[in-house]
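Everything below concerns the one structure shown next.
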Amino acid sequence: MGNGITVGAHRLGRVIDANQGLDGDGPFSPSRTGSVPVGDLIDLCYSGKYTHEQLHSMITVDGGLFAYLGVHDGYSADHMATNGNEMAAFS
């Protein structure tokens, strides 16, 4: 399994609809934020704090589990939790 998760509806073995996971849409994943509140995202976009590239990276590469724990996989997160990392145990 990769760092992003897409969701697709299937009928008779064919995908008939799917979310646009490459841009961060869909569920929370190892590197993607998943769907976020649109109003808050708009405010962040116009805050002047981040460039377009930084915001895009924030939701597609550096978001999700990575934003919380600095790792892109559940195995590492589980290892951190098992070894006393309270943030990993909470996540």
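The values are calculated or read from the model by the stated rules, or taken from the named source; none is laboratory data. Quick caveat, the model's predicted, so the values are computed rather than measured. Backbone-built Cβ (ideal geometry, glycine too); neighbour counts: all protein chains shown. Accessible surface areas use protein heavy atoms only, side chains included; no ligands, DNA or RNA. Shrake-Rupley method; radii C 1.70, N 1.55, O 1.52, S 1.80 Å.
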TODO: Could you please give the count of residues in the stretch 16-71 that are closer than 14 Å to Asn3 by Cβ, open to solvent by 80 Å² or more (accessible area, probe 1.4 Å) and either touching an Asp or Glu at 6+ places or on another chain (Cβ under 8 Å) or part of a loop (DSSP other than H, G, I, E, B) (or both)?
DONE: 1
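Rundown of residues vs (1) small (Gly, Ala, Ser); (2) within 18 Å of the chain's Cα centre (by Cα); (3) under 16 Å from Gly34 (Cα atoms), yes/no style:
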residue: His56; (1), (2), (3): no, yes, yes
residue: His72; (1), (2), (3): no, yes, yes
residue: Ala81; (1), (2), (3): yes, no, no
residue: Ala88; (1), (2), (3): yes, yes, no
Task: Residue satisfying all of: in the stretch 3-15; out of contact with any Pro (no Cβ under 8 Å at 6 or more places or on another chain) and surrounded by 11 or more Cβ atoms within 10 Å (Cβ to Cβ); farthest from Thr33 (Cα to Cα) among these - done: Gly8
TODO: With respect to Ala77, determine if the residue is open to solvent by 50 Å² or more (accessible area, probe 1.4 Å) and assigned to a helix (DSSP H, G or I).
DONE: no
